[in-house]
Protein chains: 2
Amino acid sequence: MLNQLHHTAEDMIRHNGGRATAGRIGILAILLAEQQAITHREIEQRLPQEQQLDRVTLYRALEWLAEKNLIHKVTSDDRAWRYHANRDVQSHQHAHFKCTCCAQVICLDKLPVERNWPLPAGYRLQEIELTVKGLCANCC
Amino acid sequence: MLNQLHHTAEDMIRHNGGRATAGRIGILAILLAEQQAITHREIEQRLPQEQQLDRVTLYRALEWLAEKNLIHKVTSDDRAWRYHANRDVQSHQHAHFKCTCCAQVICLDKLPVERNWPLPAGYRLQEIELTVKGLCANCC
DNA sequence: CAAATAAATGCAACAATGTTGTGATTATTG
DNA sequence: CAATAATCACAACATTGTTGCATTTATTTG
């Protein structure tokens with residue numbers, strides 16, 4: 001199963017004209033396997049012992065994956081970015097839930113975010129980031 | 001005028017049972033004078049030369065002010081918190097605009113945020129944080 | 001398949017933001 | 001004015017992320 005994801009990951013990377021290195025494939029496979037958005041640290045922990053990457057390499061791989069729209073970054077209030085695979089390329093809406101107790105972050109893809117809010121005159125909207133905070137089922 | 005704000009600030013602090021120290025009063029007056037949400041660094045810069053505070057003191061004062069609901073923190077994507085005075089105690093809704101060019105953050109208090117979005121079963125909503133990103137009038 | 005090369009990696013050093021512990025200082029109270 | 005509890009300043013540390021550069025590696029080319 002994880003093997004399957006590695007295959008998928010490799011395809012996604014090659015389709016974007018990038019080198020299919022063990023690091024990138026491993027990272028993307030981990031993100032594909034994960035329902036939640038996870039941190040740099042959590043990705044590191046999920047990488048097999050024999051394939052630990054330098055912190056910088058990890059950051060750069062994530063940057064590259066985000067650039068190619070294979071994953072996206074989620075801003076949080078603990079100043080650690082979390083990452084999540086983009087399963088369906090277009091419809092990512094940046095709506096997330098973060099548990100204030102266990103810090104888990106999940107994607108609320110169904111959440112409709114209106115794009116025509118009134119801004120002050122002369123302002124232009126580019127992107128909406130919406131985070132709902134609360135308690136997850138486990139922490140309730 | 002700034003004098004007036006100092007007076008207001010001092011009142012707000014005393015009403016919450018805190019010590020009215022020069023630092024706290026100065027910080028709160030600065031935040032009251034500001035339309036935007038500003039960073040730790042920007043607060044430091046606005047403090048008069050003869051009254052510079054230690055970084056830690058500033059952080060702790062901000063923490064205290066936020067605890068007492070006199071100000072609020074705004075999460076951003078550059079992992080620096082921004083602070084803004086709570087003029088009217090109840091109706092703060094955590095809706096903000098951030099310019100992707102100059103990093104300015106303003107409050108969009110008028111923005112209505114619905115509080116009854118569908119969450120997964122067992123999840124409880126506590127707070128909604130919404131940031132609209134785009135270009136401000138100056139940067140357009 | 002081997003060599004060439006552009007891309008990716010690892011290491012060291014740095015930067016920014018924020019936190020913790022502790023002894024000194026100060027606003028407030030009586 | 002003295003007592004005292006709150007606040008402050010300093011030092012040291014933690015976390016997250018970035019930059020520069022020499023080394024390694026995936027891919028391409030002959």
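Observations, loosely collected:
- Residue within region B:122-138 that is of a type in the set (S, T, N, Q), facing another protein chain (nearest Cβ under 9 Å) and in contact with a Lys or Arg (Cβ under 7 Å, 6 or more places away or on another chain) present: yes
- Being of a type in the set (A, V, I, L, M, F, W, C), out of contact with any Phe, Trp or Tyr (no Cβ under 9 Å at 6 or more places or on another chain) and either within 13 Å of DNA strand D (Cβ to nearest atom) or away from chain A (no Cβ under 14 Å) (or both) is true of B:ILE25.
- Test: residue in region A:53-62 that is more than 12 Å from DNA strand D (Cβ to nearest atom) and touching a Phe, Trp or Tyr at 6+ places or on another chain (Cβ under 7 Å): no
- Given (1) open to solvent by 50 Å² or more (accessible area, probe 1.4 Å); (2) of a type outside the set (A, V, I, L, M); (3) within 12 Å of DNA strand D (Cβ to nearest atom), number of the condition B:HIS6 does not satisfy: (3)
- Any hit, region B:29-45, residues being more than 13 Å from DNA strand D (Cβ to nearest atom), aliphatic (A, V, I, L, M) and in a strand (DSSP E or B): yes
- Tally of residues being farther than 22 Å from A:ALA95 by Cβ and touching a His at 6+ places or on another chain (Cβ under 6 Å) across region A:1-43: 2
- Single residue of B:ARG82, B:ARG115 found to be charged (D, E, K, R), more than 19 Å from A:ARG82 (Cβ to Cβ) and at pLDDT 90 or above: B:ARG82
- B:ALA61 being among the small types (Gly, Ala, Ser) and more than 13 Å from DNA strand C (Cβ to nearest atom): no
- With respect to the stated conditions, B:GLN51 fails to be within 11 Å of chain A (Cβ to nearest Cβ), in contact (Cβ under 8 Å) with a residue 24 or more places away in the chain and open to solvent by less than 70 Å² (accessible area, probe 1.4 Å).
- Breaking point among (1) away from every other protein chain (no Cβ under 14 Å); (2) within 14 Å of DNA strand C (Cβ to nearest atom), for B:VAL105: (1)
- Restricting attention to region B:54-80, the residues that are surrounded by fewer than 18 Cβ atoms within 10 Å (Cβ to Cβ) and hydrophobic (A, V, I, L, M, F, W, C) total 4.
The values are calculated or read from the model by the stated rules, or taken from the named source; none is laboratory data. Computed from a prediction, not measured in an experiment: that's the story for all the values here. Glycine gets a Cβ as well: all are built from the backbone with ideal geometry, and neighbour counts include every protein chain shown. Accessible surface is based on the protein model in full, side chains and every heavy atom, while ligands, DNA and RNA are left aside. Shrake-Rupley method; radii C 1.70, N 1.55, O 1.52, S 1.80 Å.
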